[in-house]
Amino acid sequence: MSNSSGASSGTSNVQQRRRVVGVPKTCWCGASIVALISKSAANPYRSYYRCGYAASLKLIDDNHNFKWVDEALLDEIERLAVRMAVLEQTVSQITTESMDHQKIVFERMQMKLEKEIFERVV
Ligand SMILES: [Zn+2]
């Protein structure tokens with residue numbers, strides 16, 4: 001049984017690229033993120049965020065941070081949209097509650113006033 005495993009020469013950790021939501025601030029390695037412009041034929045002039053360390057060494061197929069700027073900004077917009085929806089719901093709740101309260105106060109004042117007017121007239 002001589003089974004030499006020559007196929008597993010390298011560890012396949014490349015696919016463990018972490019998915020960062022929104023605009024990345026720092027890479028997992030601690031390096032700051034830089035904004036670069038793609039020169040590839042597939043994505044000419046497309047902006048991307050990249051780990052500053054990996055960019056300085058011109059690493060390829062590594063697991064350092066890489067993200068297209070447009071996709072990152074889309075993430076940010078989606079995140080803001082969710083927060084806006086929550087905020088709008090909260091505001092409308094508060095407004096409804098305070099309006100209900102004001103309505104009660106107003107109705108009491110109106111009743112009191114009507115009573116006073118009635119007492120004066122009669
Ligand atoms: Zn990195």
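General observations
- Whole-Hz Karplus values for the stretch 112-122 come out as 5, 5, 4, 5, 4, 4, 4, 5, 6, 6, 7 Hz, taken residue by residue from phi with 6.51 cos²θ - 1.76 cosθ + 1.60 and θ = phi - 60°; glycine and proline positions read x.
- Ligands, DNA and RNA aside, Leu87 has an accessible area near 110 Å² when probed at 1.4 Å.
- Note on Lys115: lysines with a C-alpha under 21 Å away, same-chain residues under 8 apart excluded, are Lys103.
- Accessible surface of the stretch 62-122 [probe 1.4 Å, protein heavy atoms]: carbon and sulfur percent: 64 percent
- Of the residues Lys58, Lys115, Lys67, ranked by 1.4 Å probe accessible area with the largest first, the sequence reads Lys58, Lys115, Lys67.
- For the stretch 16-121, size of Cβ-based charge dipole, Lys and Arg +1, Asp and Glu -1, in debye: 580 debye
- Counting only residues at least eight positions apart within a chain, or on another chain, the aspartates and glutamates with an alpha carbon under 20 Å from that of Lys67 are Asp75, Glu76, Glu78.
- Which of Arg50, Arg120 is most accessible, then next, and so on - probe 1.4 Å: Arg120, Arg50
The values are calculated or read from the model by the stated rules, or taken from the named source; none is laboratory data. Quick caveat: nothing in here was measured; it's all calculated off a predicted structure. Note: ideal-geometry Cβ built from the backbone for every residue, glycine included; neighbour counts use all protein chains shown. Heads up: the accessible areas ignore ligands, DNA and RNA and are worked out on the full protein's heavy atoms, side chains in. Shrake-Rupley method; radii C 1.70, N 1.55, O 1.52, S 1.80 Å.
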